[in-house]
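In what follows, a structure is listed as structure tokens, so that the remarks can point back to it.
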Amino acid sequence: MRMTRILAIGSYTDTDSAALAGMGAQALPSLDALASLPQDLRSGVEGLAYKGHAALGGDSMDLLPGLKVIANFGVGYDAIDVEAATARGIVVTNTPDVLNDDVADLAVGMLIAQNRGFEPAMAAVRSGDWSAKGDLPLARKMSGRRVGVLGLGRIGQEIAARLVPFKCEIHYWSRSPKTTPGWTFHDNPVALAQAVDDMIVAVVGGPETEGLVSAQVIEALGTDGVLVNIARGSVIDEAALIEALEEGRIRGAALDVFRGEPHVDPRLARLPNLLPLPHIGSATVETRAAMGALQRRNLQAVLAGDAAVTPVNAA
Ligand code: 8YV
């Protein structure tokens, strides 16, 4: 019988599942199932294909004493305790770049949808209100708005570049100023919010950005502002956002990510000025296939004794 060298945790497409199975991977539905695997099976595991947002810490790593690589399906690896992995000599990899276009497309689409009022407009057609009640209140012009991008990494840059043809004035906050085609840097998120009409959140998740979009930032965005988040739910003070949306201190929000997702605070979900999406930033056939392929290339490389293709630590 072939020894299980790879475990594949999470829900994969049929194509990815078949490719992982072809590498000899054994599928596990979730991280919780790890502890119930027989010890002799766990001891032989060298590679972990991980697709999920549940915290993967040192305790789980210790269940796999021979583990060499955790290949994350996703660019964001905030669920993985990278420090614990490094301490155990485990390489952690992610899937950067291949999803930049999709996530940036979605962010811009969400901003346009909120400014032009797609959701109430679609509802008026579907419900018959268009013919029964007539035209809707006017929406807001999208082109020419001042947009703040919070985090000018690879995805943030793609978002900003897409907004230029919409004649938007681009402002950004990043840990340090970047070389840009004339985009305006602000040294803190409140100053960024004060300078713009709308804000798109594109920073990494994790402790360093926890609550970065605070009540103060939301207040500074103002009553005409729209807040878009395609990063991680943890970046926004969700309670403050709910209050601001309820009280009309911000015009709208469009969120692809939530704290505690897939469970969404019901107070948030029922707000009419929120456009909620179920974390679909990278969810296209093309991009998910590219992410899966990169995850497998990382697994293969490390298990063959080569350098990982896209490592996030130096283990
Ligand atoms: C998820 C994401 O990986 O890349 C990321 O950081 O958040 C997404 O693309 C995807 O939902 C699969 O879990």
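Annotations for the structure displayed:
- Low-density loop cleavage sites - trypsin sites (Lys or Arg not before Pro) in the stretch 121-164, where at most 15 other Cβ are within 10 Å (DSSP): Arg140, Lys141
- Integer Hz, Karplus 6.51/-1.76/1.60 couplings in order for the stretch 6-20, x for Gly and Pro: 10, 10, 10, 9, x, 9, 10, 5, 4, 5, 5, 4, 5, 5, 5
- Modelled spin-label separation between Val125 and Glu208, with each label point placed 7 Å from Cα along the Cα-to-Cβ direction: 4.4 nm.
- Taking every DSSP beta bridge that has both ends in the stretch 130-282, the antiparallel portion is near 0%.
- Distance cut-off 28 Å, percentage of C-alpha pairs in the stretch 100-276 lying past it: 19
- Potential extension, Glu83-Thr223 segment - 0.36 nm per residue separation minus Cα distance: 46.3 nm
- Cβ-Cβ FRET estimate between Ser36 and Arg270, R0 fixed at 35 Å, reported to 0.05: 0.40
- Between amide H atoms placed 1.01 Å from N, distances below 5 Å from Ala27 occur with Ala8, all of them 5 or more places distant or on a separate chain.
- Centroid-to-centroid separation of the stretch 220-242 and the stretch 151-194 [C-alpha atoms, Å]: 17
- In loop segments of the stretch 158-226 as defined by DSSP, the GluC sites (Glu not before Pro) with at most 16 further C-beta atoms inside 10 Å of their C-beta are Glu210.
- Distance from the alpha carbon centroid of the stretch 89-105 to that of the stretch 32-85 works out to 18 angstrom.
- With contacts taken as Cα pairs under 8 Å at a separation of at least 6 residues, the chain carries a relative contact order of 18 percent.
- On Cα atoms only, tilt of 118-127 relative to the major axis of the chain in degrees: 80
- For the stretch 158-198, alpha-carbon Rg and Dmax in angstrom: 10.0, 26
- Placing R0 at 30 angstrom, the Cβ-Cβ distance between Lys141 and Phe185 gives a FRET efficiency of 0.70 after rounding to 0.05.
- Derived scalar couplings between HN and Hα for the stretch 164-180 equal 4, x, 8, 6, 7, 8, 9, 10, 8, 10, 8, 4, 8, x, 10, 6, 9 Hz in order, rounded to whole Hz, by the Karplus curve 6.51 cos²θ - 1.76 cosθ + 1.60 (θ = phi - 60°), x for Gly and Pro.
- Over all pairs of different C-alpha atoms in the chain, the reciprocal of the mean inverse distance, the Kirkwood hydrodynamic radius, equals 21.0 Å.
- Look at His171, His53, His279, His263 and count the other Cβ atoms within 10 Å of each Cβ; fewest to most, that gives His263, His279, His53, His171.
- Note on Ala54 and Gln26: the model spin-label points, each 7 Å out from Cα along the C-beta direction, lie 1.7 nm apart.
- Distant-in-sequence amide H partners of Leu56 (H built 1.01 Å from N, under 5 Å): Ile80, Asp81
- Estimated FRET transfer efficiency (Ala132, Leu63; beta-carbon r; R0 41 Å; 0.05): 0.10
- Under 5 Å, built H, 5+ apart or other chain: amide partners of Val228: Met199, Ile200, Val201, Ala254
- Within the stretch 73-183, the ratio Rg/Rh, alpha carbon atoms throughout and Rh by Kirkwood, equals 1.15.
- Summary value for the stretch 106-252: 21 percent relative contact order, contacts being C-alpha pairs under 8 angstrom separated by 6+ residues.
- In the stretch 139-212, Cα pairs under 8 Å separated by at least six residues give a relative contact order of 39 percent.
- Karplus-derived HN-Hα couplings along the stretch 257-262 (A = 6.51, B = -1.76, C = 1.60, θ = phi - 60°), whole Hz, x at Gly and Pro: 9, 9, 5, x, 4, x
Here, each number is a calculation from the coordinates, and none is a lab measurement. Remember, predicted model here, so these are calculated numbers, not experimental data. Using ideal geometry, Cβ is built from the backbone for each residue, glycine included, and neighbour counts are taken over all protein chains shown.
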